[in-house]
Amino acid sequence: MILYIILAIVATIGLVWLIDKFIPSKLRPLVMIALWVVIGVLAYNTFMSVYEPIQFNQIKKKRYALVIKSLKDIRDAQLAHKQVTGKFADNFDNLVKFIDTAEFTITQRRDSTIIDEELTKRYGGVEMTKDIVVIDTLGFVPVKDSLFGTDNRYKTLMNVPVGQEGAKFELKAGFLEEKEIRIPVFEALVKKAVVLNDQDKDLVRQEEQVVSVEGVNGDAIRLGSMEEVSTTGNWPKIYDTKED
């Protein structure tokens, strides 16, 4: 594409030279102005064909970083929900309510020795003992304070922070059956087209087809899975090394 535009510019400049040699002097100014306009348009298109993808990538990376930060908050909240309730939340109303009201139980494990009554009877009253693990409850900590401190951003977990105005993350949860065991799973995602809604449509379509270890693969930014046991995202590690 760029090569064709450059060749067109060179050809136009050649036409300018030919016109200067062979076109009557009365018509020459008008033809020259028209050709220089064409050259300007082609030059601008050449510049934009290079600049637009660069600008798109810069915007994309900034927006993806904000979306992934929100997805990490969702992951923290869902892992807390599973720890307390044994399953993941399947909607944001329940997840936010959980953060507002639930508490983590603080426990302490310690070894202890008690009399083994069965063995004691078996050995005619000779006192026998056995080792056990005792779990003591030390107290409770609100999930909200543990995960978010005094920050109330958890109340807007469902909102996609950039892109299409008013967009929400999609959230699903359920169970997978593995060897007759029900394993909790969840998935949260937003389509790339939503995050990049105001960008060039051709560049967005190309981005939706990305398959790369350095890119966010597929047509969505995705966390977790309903098809396998996973709480990871489909983004590259570079987004995990940046500060939130």
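The values are calculated or read from the model by the stated rules, or taken from the named source; none is laboratory data. Source: prediction; values computed, not measured. Cβ: placed from backbone, ideal geometry, glycine included. Neighbour counts: every protein chain shown. Please note that ligands, DNA and RNA were not included when accessible areas were found on the heavy atoms of the full protein model with its side chains. Shrake-Rupley method; radii C 1.70, N 1.55, O 1.52, S 1.80 Å.
Quick check: anything in region 140-161 in contact with a Ser or Thr (Cβ under 8 Å, 6 or more places away or on another chain), open to solvent by 30 Å² or more (accessible area, probe 1.4 Å) and either within 22 Å of Gln83 (Cβ to Cβ) or modelled with pLDDT under 95 (or both)?
Yes.
So which residues in region 82-121 are in contact with a Ser or Thr (Cβ under 8 Å, 6 or more places away or on another chain), modelled with pLDDT of 75 or more and among the hydroxyl-bearing types (Ser, Thr, Tyr)?
Of everything in region 82-121, just one residue is in contact with a Ser or Thr (Cβ under 8 Å, 6 or more places away or on another chain), modelled with pLDDT of 75 or more and among the hydroxyl-bearing types (Ser, Thr, Tyr), namely Thr113.
Tell me, yes or no, whether region 180-187 has at least one residue that is acidic (Asp, Glu), modelled with pLDDT under 95 and touching a strand residue (DSSP E or B) at 6+ places or on another chain (Cβ under 9 Å).
No, because not a single residue in region 180-187 is acidic (Asp, Glu), modelled with pLDDT under 95 and touching a strand residue (DSSP E or B) at 6+ places or on another chain (Cβ under 9 Å).
If I filter region 157-172 for residues that are farther than 14 Å from Gln78 by Cα, touching a helix residue (DSSP H, G or I) at 6+ places or on another chain (Cβ under 6 Å) and of a type in the set (Lys, Arg), do I get at least one hit?
no
Across region 215-244, which residue is modelled with the highest pLDDT among those that are of a type in the set (Asp, Glu) and within 19 Å of Leu66 (Cβ to Cβ)?
Checked region 215-244; the qualifying residue modelled with the highest pLDDT is Asp219.
Among the residues of region 209-221, is there at least one that is farther than 18 Å from Ile59 by Cβ and acidic (Asp, Glu)?
No; the residues of region 209-221 include none that is farther than 18 Å from Ile59 by Cβ and acidic (Asp, Glu).
Quick check, is Glu177 without any contact (Cβ under 8 Å) to a residue 40 or more places away in the chain and of a type outside the set (A, V, I, L, M)?
On the way: without any contact (Cβ under 8 Å) to a residue 40 or more places away in the chain: yes; of a type outside the set (A, V, I, L, M): yes.
Taking the combined requirement at face value, the residue satisfies it.
Determine whether Lys237 is of a type outside the set (Phe, Trp, Tyr), open to solvent by 10 Å² or more (accessible area, probe 1.4 Å) and more than 29 Å from Phe175 (Cα to Cα).
The answer is no for Lys237.
Working only within region 163-179, note down all residues that are out of contact with any Phe, Trp or Tyr (no Cβ under 9 Å at 6 or more places or on another chain) and either open to solvent by less than 60 Å² (accessible area, probe 1.4 Å) or under 18 Å from Asp93 (Cα atoms) (or both).
If the condition is that a residue be out of contact with any Phe, Trp or Tyr (no Cβ under 9 Å at 6 or more places or on another chain) and either open to solvent by less than 60 Å² (accessible area, probe 1.4 Å) or under 18 Å from Asp93 (Cα atoms) (or both), then Gly163, Gly166, Ala167, Glu170, Leu176 are the ones that fit.
Hey, could you check region 180-203 for residues that are in contact (Cβ under 8 Å) with a residue 40 or more places away in the chain and over 16 Å from Gly224 (Cβ atoms) and say which is most open to solvent (accessible area, probe 1.4 Å)?
Asp200
Quick check: anything in region 62-73 open to solvent by less than 70 Å² (accessible area, probe 1.4 Å), among the hydroxyl-bearing types (Ser, Thr, Tyr) and under 26 Å from Tyr239 (Cβ atoms)?
Yes, there is a match, as at least one residue in region 62-73 is open to solvent by less than 70 Å² (accessible area, probe 1.4 Å), among the hydroxyl-bearing types (Ser, Thr, Tyr) and under 26 Å from Tyr239 (Cβ atoms).
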